[in-house]
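Visitor: The structure under discussion is supplied below as structure tokens; questions concerning it will follow.
What follows draws every value from the coordinates through simple rules; no lab data is involved. Here the structure is a predicted model, which means the values were calculated and not measured. When we count neighbours, we look across all protein chains shown, and the Cβ atoms used for this are built from the backbone with ideal geometry, even at glycine.
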Amino acid sequence: MTTYTEGTPERGLQKLAVKYGGAAAIMLANTTVVQVTIMVIIGTIFGLIPGGLELLDTKTDIGFIFKLALNEIAAYTVPMITMYALFYRELKFEKTIYESEMRYDRFFGETALLFVTGLGVSTALSIATSFISSFLNTVLGIPETKVAFNSMMPRDLVTYTAFGIVLCIVGPVCEEIIYRHILLRPLRRYGDMTAALVTALFFGLSHFNFDQFLYTFSFGFFLAVITLRSGTVIPAVICHMLNNLAAGVQTYQPESLGNAELEGVLKSMAEIFTAANGIFVLGGILLIIIVILTHLLRLKNRSGIPASKQLAIVFSNPLLLVCIAVSLVVTFIDLYIA
């Protein structure tokens, strides 16, 4: 079914691995240089605007909204444009091959099972990470990691709404385009398992947060499987939105929304989601067995190269290895030293 224009499949994968090294460099440079520069320079300009202005009869922190918008522009615009340009040839090639694999009949049954299984596995790994973090803090004195958006916590209804839109809509849509479309599709030519694992690693490292890594890596893997099974990124976007909604309600409780009923609803939702985490973890083992027995993780190998060899070829690229190492260093500096 697949035509290789780069010579042998091994040689084609080696060439593609170079581009994934470039993608890793883009991700790293955007976080350490581009994003910081945009936030500092433009954020300083908008910082001259008064922090509190009357908006919709609410004392709203306009500076917060500008800062939030700038953060999202800086986080996603450069990676989406540059990575799309980097993989333009591969994405154009994949479009003609895999459009016929789109399976809308898998949107509900398979997607729901894989989504809940992914949540169970990811939550269990997140709990394990918390124990590791506590151990490092207690025994070695390493500070606990910071919550991702602590510096931009919403304080009123308008800013909380803006925060919710970013967390539950903008972020999931942009991240799924980057990781489960631009980065996933080129590797499908060689093997679905390799595509899922490599993009899950990119997704985990991109958060630059030790406490989030195992969660985002495992959840990213299941989102990739959902995309591969359905043939489209749409179900993964929806699952990502639901995940961020649950995580956001649990983690980010605003100081005051000026609406007692709404605050009560949010607190009740947080309690429900917290209780659901325990159910997901307890059911995770059973669900993963079901997923394996139903062959939902039996992904296609289109190149004839064993998945282990495919991964070895991809991770033999020096630039990719260097970027992974630097990403780990940046994570340590940003979360434990800075």
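Visitor: Once you treat every alpha carbon in region 170-261 as an equal point and sum by Debye, what is log10 I(q)/I(0) at q = 0.12, 0.14 Å⁻¹?
Guide: Debye output, listed in q order: -0.40, -0.51.
Visitor: Moving on. Residues with beta-carbon under 12 Å from that of THR199, excluding THR199: net charge, scoring Lys, Arg +1 and Asp, Glu -1?
Guide: Taking every Cβ under 12 Å from that of THR199, the sum is 0.
Visitor: Once you have the alpha carbon radius of gyration of region 200-326, what is it after dividing by 2.2 N^0.38 Å, with N set to its residue count?
Guide: Cα-based Rg divided by the globular estimate yields 1.35.
Visitor: Net charge near THR82: determine it from the other residues with C-beta under 15 Å of the C-beta of THR82, scoring Lys and Arg +1 and Asp and Glu -1.
Guide: +1
Visitor: When Lys and Arg each count +1 and Asp and Glu each count -1, what net charge do the other residues less than 11 Å away from VAL237, Cβ to Cβ, add up to?
Guide: Here the count lands on -1.
Visitor: Can I ask one more? Between ILE289 and GLU72, with labels modelled 7 Å along Cα→Cβ, what's the label distance in nm to one decimal, could you check?
Guide: It works out to 4.3 nm between the two label points.
Visitor: Shifting gears a bit: If I stretch the segment between ARG11 and ARG89 completely, what's the gain in nm (0.36 nm per residue apart, minus their alpha carbon distance), one decimal?
Guide: 26.4 nm
Visitor: Here's something else I'd like to know. Among THR77, THR194, which comes first, second and so on when ranked by fewest other beta-carbon atoms within 10 Å?
Guide: The fewest-first ordering by Cβ neighbours comes to THR77, THR194.
Visitor: What is the order of HIS207, HIS181, HIS295, fewest Cβ neighbours within 10 Å to most?
Guide: HIS295, HIS207, HIS181
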